[in-house]
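One structure below.
The values are calculated or read from the model by the stated rules, or taken from the named source; none is laboratory data. Since the structure is predicted, the reported quantities are computational estimates derived from the model, not experimental observations. Neighbour counts are summed over all protein chains in view; Cβ atoms, including those assigned to glycine, are modelled from backbone coordinates with ideal geometry. Note: accessible area is taken over every heavy atom of the protein model, side chains too, but ligands, DNA and RNA are not part of it. Shrake-Rupley method; radii C 1.70, N 1.55, O 1.52, S 1.80 Å.
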Amino acid sequence: MPFGHDMVHSLATAVDLVNTSPATGGEDGLGDLAQLCEFVQRWQVSGVEDLGAEDLAQVRTLREAFHKVFTAPDQATAVIRLNTLLSRTRITPRLTEHDGHPLHVHYFAPGASLGEHLSADLGVALAHLLVEGEWERLRTCSAPDCERVFVDESRNRSRVYCDSRTCGNRMHVAAYRARRRA
């Protein structure tokens, strides 16, 4: 995929955020404030001060909005859903260097809440993906018992499982065993 480090990082953050939702088939990965803090640390979300219950509620709502973008039935619907999400966000692009990262663009307004921060940065990354005509890279795992989302970064857009070591391996073993029985 011809995208820079920042965009790939933002897309991976969006995927992880969506996959914390019970709607993707697992437990709530943002069940409490400690899990939200761990998410912020894992993805090195900068400019975040003290987090509270309001931040947790905002991020959970945002997570569901991003989930709707990933699971849109077509690009036109994804665009409408993403525009709705972005219309609620104060976006203030600015160049920054921090934490050893090279010069890059942040889109969230100074002093923004965590929800606004994620909405702006992750939303703009998804917007760039759509503008590049890459909507079909937003996928849901093809394993029958998995609803996790991912961004297909393969050159030929052939990835079908959220993780080749778990879902992919499980499905390949099942297919192998089915062929052996036949």
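Some notes on this structure:
- Scanning region 52-71 for residues that are free of Cβ contacts under 8 Å to residues at least 60 places away in the same chain and either touching a Phe, Trp or Tyr at 6+ places or on another chain (Cβ under 7 Å) or not in a helix (DSSP H, G or I) (or both) turns up just one, Gly52.
- Qualifying residues in region 1-45 (those that are open to solvent by less than 30 Å² (accessible area, probe 1.4 Å), among the β-branched types (Val, Ile, Thr) and in a helix (DSSP H, G or I)) - the one farthest from His67 (Cα to Cα): Val40
- Looking across region 46-90 at every residue that is open to solvent by 70 Å² or more (accessible area, probe 1.4 Å) and among the hydrophobic types (A, V, I, L, M, F, W, C), the one that is farthest from Gln35 (Cα to Cα) is identified as Ile80.
Yes or no, residue by residue, for (1) polar (S, T, N, Q); (2) at pLDDT below 95; (3) more than 13 Å from the chain's Cα centre (by Cα):
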residue	(1), (2), (3)
Arg42	no, no, yes
Gly47	no, yes, yes
Arg63	no, no, no
Pro93	no, yes, yes
Pro102	no, yes, yes
Val105	no, yes, yes
Ala109	no, yes, yes
Ser119	yes, no, no
Ala125	no, no, no
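- Scan of region 1-24 for residues that are in contact with a strand residue (DSSP E or B) (Cβ under 9 Å, 6 or more places away or on another chain) and of a type in the set (D, E, K, R), ordered by number: Asp6
- Test: residue in region 145-154 that is in contact with a Ser or Thr (Cβ under 9 Å, 6 or more places away or on another chain), under 26 Å from Val40 (Cα atoms) and not in a loop (DSSP other than H, G, I, E, B): yes
- Just one of the listed residues (His104, His128) is closer than 21 Å to Met7 by Cβ and part of a helix (DSSP H, G or I), and it is His128.
- Any hit, region 93-109, residues being of a type in the set (Gly, Ala, Ser), in contact (Cβ under 8 Å) with a residue 40 or more places away in the chain and in contact with a helix residue (DSSP H, G or I) (Cβ under 8 Å, 6 or more places away or on another chain): no
- Ser46 being hydroxyl-bearing (Ser, Thr, Tyr), over 22 Å from Thr140 (Cα atoms) and out of contact with any Ser or Thr (no Cβ under 7 Å at 6 or more places or on another chain): yes
- Within region 162-180, not a single residue is part of a loop (DSSP other than H, G, I, E, B), surrounded by fewer than 19 Cβ atoms within 10 Å (Cβ to Cβ) and modelled with pLDDT of 90 or more.
- Condition met for His128 (open to solvent by less than 30 Å² (accessible area, probe 1.4 Å) and over 23 Å from Cys37 (Cα atoms)): no
- Among (1) in contact with a Cys (Cβ under 8 Å, 6 or more places away or on another chain); (2) under 14 Å from Leu138 (Cβ atoms) - the single one Val18 does not satisfy: (1)
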